[in-house]
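Every read-out reported here was derived from the displayed coordinates using simple, explicitly stated rules and does not represent laboratory data. Predicted, not measured: the structure shown is a model, and the values here were computed from it. All Cβ positions, glycine included, derive from the backbone under ideal geometry; neighbour counts span all protein chains shown.
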Amino acid sequence: MEKHVNLLAALQIGLRLLGLVVAGVLFALLHFIGDFTGEHEAQMVLSIIANVMIVFATVLSLPGIVAGIGLFRKKEWARILTLILSVFDLVSFPVGTAIGVYSIWVLSNPETVELFKNS
């Protein structure tokens, strides 16, 4: 099960980093569109939307990155945090659902629970 836990940790970190990259691209795109219009109100509104979006994406991504690092180090709190995040991932069809189901299966396995108690 240790290989599954390491794969899950990498998936958690990768999924959250991908979310940050997509948010960063949208952030830059919204700023570019605002500048392209040349209208002050459009620049201001799109800038606010872009800033809120990047903060929101960061707040949602950081727990998953921290949980992934904790899974690599076999910390019990990371197992619990990942289980909680996995329940929320279930609604993100189809990739989030697949990763959420896989996470719950791996982390609720008795062999995995024992692995985290020994570390």
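Specify which of the listed residues (T58, T97, T37, T82) is surrounded by fewer than 18 Cβ atoms within 10 Å (Cβ to Cβ) and either of a type in the set (D, E, K, R) or under 26 Å from L115 (Cβ atoms) (or both). Outline the logic, then answer.
On the way: T58 fails: either of a type in the set (D, E, K, R) or under 26 Å from L115 (Cβ atoms) (or both); T37 fails: either of a type in the set (D, E, K, R) or under 26 Å from L115 (Cβ atoms) (or both); T82 fails: surrounded by fewer than 18 Cβ atoms within 10 Å (Cβ to Cβ).
Going through T58, T97, T37, T82 in turn, just one is surrounded by fewer than 18 Cβ atoms within 10 Å (Cβ to Cβ) and either of a type in the set (D, E, K, R) or under 26 Å from L115 (Cβ atoms) (or both): T97.
Answer yes or no: is there a residue in the stretch 76-87 that is in contact (Cβ under 8 Å) with a residue 60 or more places away in the chain, outside any helix (DSSP H, G or I) and under 14 Å from H4 (Cα atoms).
Taking every residue of the stretch 76-87 in turn, none turns out to be in contact (Cβ under 8 Å) with a residue 60 or more places away in the chain, outside any helix (DSSP H, G or I) and under 14 Å from H4 (Cα atoms).
Quick check on my filter: what residues within the stretch 91-119 are without any contact (Cβ under 8 Å) to a residue 24 or more places away in the chain and in contact with an Asp or Glu (Cβ under 6 Å, 6 or more places away or on another chain)?
G100
Show the residue pairs meeting these rules: Cβ distance below 7 Å; 6+ apart or different chains; first residue within the stretch 39-53 and under 13 Å from V25 (Cα atoms); second residue of a type in the set (F, W, Y) and surrounded by 12 or more Cβ atoms within 10 Å (Cβ to Cβ).
A50/F27; M53/F27
If you take the residues in the stretch 30-43 that are assigned to a helix (DSSP H, G or I) and out of contact with any helix residue (DSSP H, G or I) (no Cβ under 8 Å at 6 or more places or on another chain), which one is nearest to A67 (Cα to Cα)? It would help to see each step written out before you state the result.
So the first thing to find is which residues in the stretch 30-43 are assigned to a helix (DSSP H, G or I), and the list is 30-37, 40-43.
Among the residues that remain, those that are also out of contact with any helix residue (DSSP H, G or I) (no Cβ under 8 Å at 6 or more places or on another chain) are: 32, 36, 40-41.
Details: F32: 34, F36: 39, H40: 41, E41: 40 Å.
The extreme case among them is F32.
Name the pairs: first residue in the stretch 1-24 and within 15 Å of G70 (Cβ to Cβ) and in contact (Cβ under 8 Å) with a residue 60 or more places away in the chain, second residue not hydroxyl-bearing (S, T, Y) and not in a helix (DSSP H, G or I), Cβ to Cβ under 8 Å, at least 6 apart or on different chains?
Every condition considered, the pairs that remain are V5/K74.
Can you name every residue in the stretch 88-119 that is outside any helix (DSSP H, G or I) and within 16 Å of L17 (Cβ to Cβ)? Talk me through it step by step, then tell me what you get.
As a first pass, look at the stretch 88-119 and keep what is outside any helix (DSSP H, G or I): 90-94, 108-109, 119.
Listed by number, the list holds a single entry, S92.
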